[in-house]
Each structure stands twice: as C-alpha cells, then as structure tokens.
Amino acid sequence: MPHLTSADRLFLDDFRGLERIGATPAGGVHRLSGTAEDGALREWFRSHAEAQGFDVRVDGIGNMFACRELVPGAPYVLVGSHLDSQPLAGRFDGAYGVLAALYAASRALDRLAADGCAPARNLAVVNWFNEEGARFAPSLMGSSVYAGLYSIEDMLEVRDLDGVSVREALDAIGWRGSDAPPDAACYAEIHIEQGRILEREGLDVGVVEASWYTQKLDITVLGEQSHTGATAMADRRDALVAAAEAVLAVHDVTLDFPEEMLVSSVGQHVVEPNSPIVVPRRVHMIADVRSGDPEIVRAARAALLDQFERIGDRRRVDFIVEDFDVREVCRFPEAGIALAEEAMRAEGLASRRLSTMAGHDAVALNSVVPTVLLFTPSVDGVSHCERELTSDEDMLTGVRALTGVVRALLER
Ligand code: GLV
Ligand code: MN
Ligand code: MN
Ligand code: MN
C-alpha cells in the first residue's frame, strides 16, 4: 500500500467505524431499511456530515441530503449512494459510496478554493432510502421517488413480510422527514463493481456507460392445504411442489440464450402455512430476470409464463404472475462519461467503460438529470454476501476519482 496521507487515514478510520453498525459475526453487515441499524447509520451520517459543515435535510421517504449552499438559488450537484444493505450482506455495497461521496465533496471544495475557482452550483451528499429493496420491494425506492418514477404515497404503503409499512418503519425510527429535497443539476455516484472485470484487467476505476434491462416477476402459486400424512398422493394440490418446478424453470431458462446474456433467479419465497404436517396451500416468490438486451428478457418472460401454465395444469394449482420493478436499459450521457474519463486521466488512473448488471440509484437519477456512475474493483466479483471485499487502496483510489468528477461538475 502506498504512503497514506492523514486524510486517507481518516477515511479508513471512518469506514472501520461505519462497518461496526449492524456488523455480523461472519464479517458482514445486516442493515435492512427502516430498522434500528438503519437509524444508527443515519445518526452516523448526520453527525459526520454536520461535522464537515453540511446541513442535513430529510425528505418524506427518508432520503437524507447533506447540503452546502454555495451559490444561493443554484441547483445542486448531488453525490451519494445508500447505507441500507441486503440481509447478511457485505460492508461495501452502498456504504462505501456514501462515505466516498462525503470525502470527495469536501475535498473537491478544498481543491476549488485552493485553485481560486468559484463553484457554479451547490453541493449535496445523499443517502438514498432503501436502495436494496430487501425488506421493502421495489429496490431503488428513495431515488425513484426523488426522480418521480414512483409516487411517495404508494411507496409509504409498501409492506414487509410482517405487514409493517414503509411509513410505519420510518416513523418508528424517527426518520420520515418533511424537508423539500434539493433541486439537482446532476448526480454522481461511486459503487463497488460487484463483478470481476476491473480486477481481471488490473484497472483502478470503471466508468459505467449503460445498465441492464431488469424486471421482476411476482409469482403466487395457489394449491390446496391438506394433511401431509392422511391425504392420498393423487389428491394433493401441493403449491410448493409446483413452485419448486417453477424455480428450476427460472434458473434453466437462461440455458436457452447465449451464455452470460441472461441471468435469472428466485431469491425469495414464502410458504404458507409452513408447517411440517401441512401440504402447502400457497407459495409467494419473486424472480429477478436481467439482460443487456430487453428482447431477451421479454422472450425469457414469455417462455416462463408458458411453463408456469403447464406446471399449473399438471400439478392442479394456479399461478398468478405480475410484472413489477421493470427497469429499462439506461444509457449514461456521453458528456458525463467523457468528463469522468478526463478526471481519471488528470489523476493518472487507469479506467475502462463497462455496463452494470446490478441496479443503482444512479439509474433512477439518470432518468431526470445527467448522471455519472463510477465503479471501484471488487475482489472475486462477489457481492450481496459477507465475503464482499474491496481493498483499502482501491477505496482510496475511488475517492480520488470521485473527487475529480465532483470538482468538474461543481465548476460547470
Ligand atoms: C440491488 O442491489 C440491485 O442490484 O437491484
Ligand atoms: Mn448498492
Ligand atoms: Mn446491493
Ligand atoms: Mn444495487
């Protein structure tokens, strides 16, 4: 590891402090939206932002904006990510981007001042509410409300598996705000890659040019509840048996398309009534289907609907399938990509353009303002697990990269 400046050490100390919130015994974090851990993260963010001279606003869906008004009335350069996590998740997904944004924002302002340049815009560091969509689906919730893609009223009524709404969860931790969010001129985010490309090619930073088309299928399988011992096999209408076949279909549909062009999984399912002595009457599950090519997702979806119908007929159960959380392919503007590449050159960093298969708040923001999304390398490409890792050196390099981008955006 090269020589660390005192600012680098402060960043790493802050990251080590942050990763203690919601820490799991196996070295990850568990920070679902609207829980006590989320509340602790928010307190952490507020106190760190205020210590650096930012003024924190909270909107009606719990998005936090740490603002520095530099040019009264001007729109804001927003820079941020999310502090919530998946269950039993890694320490870097989202949280790294928020801390990097806080440091990059302060450093960009210092650099501008040192160079005698005046900012043309205001600046805010953001912690978006519920990027992960783990406890409350859909994902990218706070950033999508900000971008006008979802209504705040609908999102406040979304419920978790225990029936608790977003409104109730935010109220319970005291973080449903009433401040008006700042008007954005543009948005920048840095995130871990969650893939292997940067590591394999030995690069410092990725500049994201597009995101994959993604969609979820909300699947309910309805059978009939009966006794696991006393019901004749021929009489059973077992929702879980049909759901198991559907899970395999979701997995195997990828084999019908060229390798790596389609990914598809069932990540969540709930069995009712979930007793050892009861043939399940109902299974609810969510399939996540993604490709860089929307036509491939549409073809896979059609093939799956067809298969669900056949499984339903054979197993004498009903499938109810609804589309949700559909995200079009997003192309980040060329001007922002060029600005980021120029900033990488100025910092002497090696970068390349790539696509994201994972969803990011930047995708929601790009639908309303020009957006720049950077990636920092992930060890072994693993994410949404406790083993997720990005090296200290790569984290610090990412802060440098983001600082250059924020500085350039502030000057425009
Ligand atoms: C959430 O993390 C996603 O990638 O959609
Ligand atoms: Mn993330
Ligand atoms: Mn994630
Ligand atoms: Mn994500």
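Any read-out appearing in this document is the output of simple, stated calculations on the displayed coordinates, not a laboratory observation. The structure presented is a predicted model; accordingly, all values stated were derived computationally and were not measured. Here Cβ is always computed from backbone atoms with ideal geometry, including for glycine, and neighbour counts include all displayed protein chains.
How far is helix 239-252 tilted off the main Cα axis of the chain, in degrees rounded to 10, range 0 to 90? Relative to the chain, helix 239-252 is tipped by roughly 50 degrees.
With the contact rule set at Cα under 8 Å and sequence spacing of 6 or more, what percent relative contact order holds for the chain?
24
GLU393 to ALA230: FRET efficiency via 1/(1 + (r/R0)^6), r the Cβ-Cβ distance, R0 56 Å, to the nearest 0.05? About 0.30, to the nearest 0.05. Treat the chain as a sphere of radius equal to its Kirkwood radius over Cα pairs and apply Stokes-Einstein at 10 °C in a medium of 1.306 mPa s; give the translational diffusion coefficient in µm²/s, rounded to a whole number. Value of D from the Cα-based Kirkwood radius: 71 µm²/s. Dividing the summed -39500 (n - 2.57) terms of all DSSP H runs of n ≥ 4 by the residue count of the chain sets its mean residue ellipticity at 222 nm at -11000 deg cm²/dmol. Here the residues GLU201, GLU189, GLU131, GLU209, ranked from fewest to most Cβ neighbours within 10 Å of their Cβ, fall in the order GLU201, GLU209, GLU131, GLU189.
Cβ crowding within 10 Å, taken as a proxy for footprinting-reagent exposure, orders ILE320, ILE61 from fewest neighbours to most as ILE320, ILE61.
With a ≥ b ≥ c taken as the square roots of the eigenvalues of the C-alpha gyration tensor of region 1-125, please select rounded if a/c is under 1.5 and otherwise prolate if a/b is larger than b/c or oblate if it is not?
It comes out oblate by the Cα gyration axes.
Across region 65-167, Cα pairs under 8 Å and at least six residues apart give a relative contact order of 30 percent. Arranged from fewest to most other beta-carbon atoms within 10 Å of their beta carbon, PHE129, PHE92, PHE15, PHE54 become PHE15, PHE54, PHE92, PHE129. When you count the other C-beta atoms within 10 angstrom of each residue and take the mean per peptide, 156-166, 70-80, 218-228 line up highest first as 70-80, 218-228, 156-166.
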